[in-house]
Each structure stands twice: as C-alpha cells, then as structure tokens.
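The values are calculated or read from the model by the stated rules, or taken from the named source; none is laboratory data. Keep in mind the model is a prediction, meaning the values are calculated, not measured. Note that we place each Cβ from the backbone using ideal geometry, even for glycine, and neighbour counts take in every protein chain shown. All accessible areas refer to the heavy atoms of the entire protein, side chains included, with ligands and DNA or RNA removed. Shrake-Rupley method; radii C 1.70, N 1.55, O 1.52, S 1.80 Å.
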Amino acid sequence: QVQLVESGGGLVQAGGSLRLSCAASGRTFSSYGMGWFRQAPGKEREFVATIRWSGGDTIYADSVKGRFIIFRDSDKNTVFLQMNSLKPEDTAVYYCSADPNLITVRTMRADYWGQGTQVTVSS
C-alpha cells in the first residue's frame, strides 16, 4: 500500500525558510514523478513543484520559482521542498503527490496523495 507522509510544516516569519519532507513507502518510485501542491483557505489546490525521481528533472510554478527547491534522497525514499524567502501568500496546507506519469503528477489526477502539512507565514 502506497503511503506519502508529509512533515516539516509550521509557523515562520516572512522572509524565513522551511523544509518540508514527504516520506514515500509501499512501492518502488524510481519511475515516478513526485510533486508538491498547496491549498490556501478558500482557494483551489495548486501545483507548486515536481521532480522526476529518476534523473531529477524539476518543474516549478512561476509563483515559487527562484525561492523553492524540490529535491529527493533516494536512500531515504524521501522528497523535500526547501522553501526560502517565504511570503504570507505562501500560507497553505502543502500536499505531496506521486504518479507514474510525469504530466499527471502535476495535476489533481495524480494517483497518490499525502495528508498535508500546514505552513503559516506571518507578516
């Protein structure tokens, strides 16, 4: 059974940094794409970043490009989202996703999702 477990959320001041983790288990993810999404109160869930597990190719939403970095540790089967220069508008619940299709993983049709971790950025 595939499980994605996010951690690392919390409260941080604007301009600060946080690192989110997504621990993946239940299958081999070497052929998968892994993604991060976020959902702010009253808004739809939106794509943040994705990484191809094998090869490490990355794609970012324009709103986080240059501030966030997605990377993975294959030994730990974990994907990370390093968030720098945080802004109040980054406040949201952040979700990890996984899908064998590198396009689908960037959409709400991704096969697997974590439970989410709250990130709050104060001004």
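Remarks
- Every residue from the range 1-18 that is surrounded by 13 or more Cβ atoms within 10 Å (Cβ to Cβ), of a type in the set (Gly, Ala, Ser) and over 15 Å from the mean Cα position of the chain (by Cα): ALA14, GLY16
- Residues in the range 71-92 that are at negative phi and polar (S, T, N, Q): SER74, THR78, GLN82, ASN84, THR91.
- Contact annotation: residue pairs with Cβ atoms under 6 Å, 6 or more positions apart or on different chains, pairing a residue in the range 75-99 that is in a strand (DSSP E or B) with a partner that is of a type in the set (S, T, N, Q) and at pLDDT 95 or above, are THR78/SER21; PHE80/SER21; ALA92/GLN39; VAL93/GLN39; VAL93/GLN118; TYR94/THR117.
- GLY66 meets each of the listed conditions (1) within 18 Å of VAL5 (Cα to Cα); (2) open to solvent by 30 Å² or more (accessible area, probe 1.4 Å); (3) over 14 Å from the mean Cα position of the chain (by Cα) apart from (1).
- The range 19-48 - residue that is of a type outside the set (Phe, Trp, Tyr) and surrounded by 20 or more Cβ atoms within 10 Å (Cβ to Cβ) and, of those, nearest to VAL93 (Cα to Cα): ARG38
- Residues satisfying the stated conditions in the range 84-98, i.e. open to solvent by 10 Å² or more (accessible area, probe 1.4 Å) and not β-branched (Val, Ile, Thr): ASN84, SER85, LYS87, PRO88, GLU89, TYR95
- Meets criteria (touching a residue at least 60 places away in the same chain (Cβ under 8 Å), in a strand (DSSP E or B) and of a type in the set (Lys, Arg)) for ARG72: no
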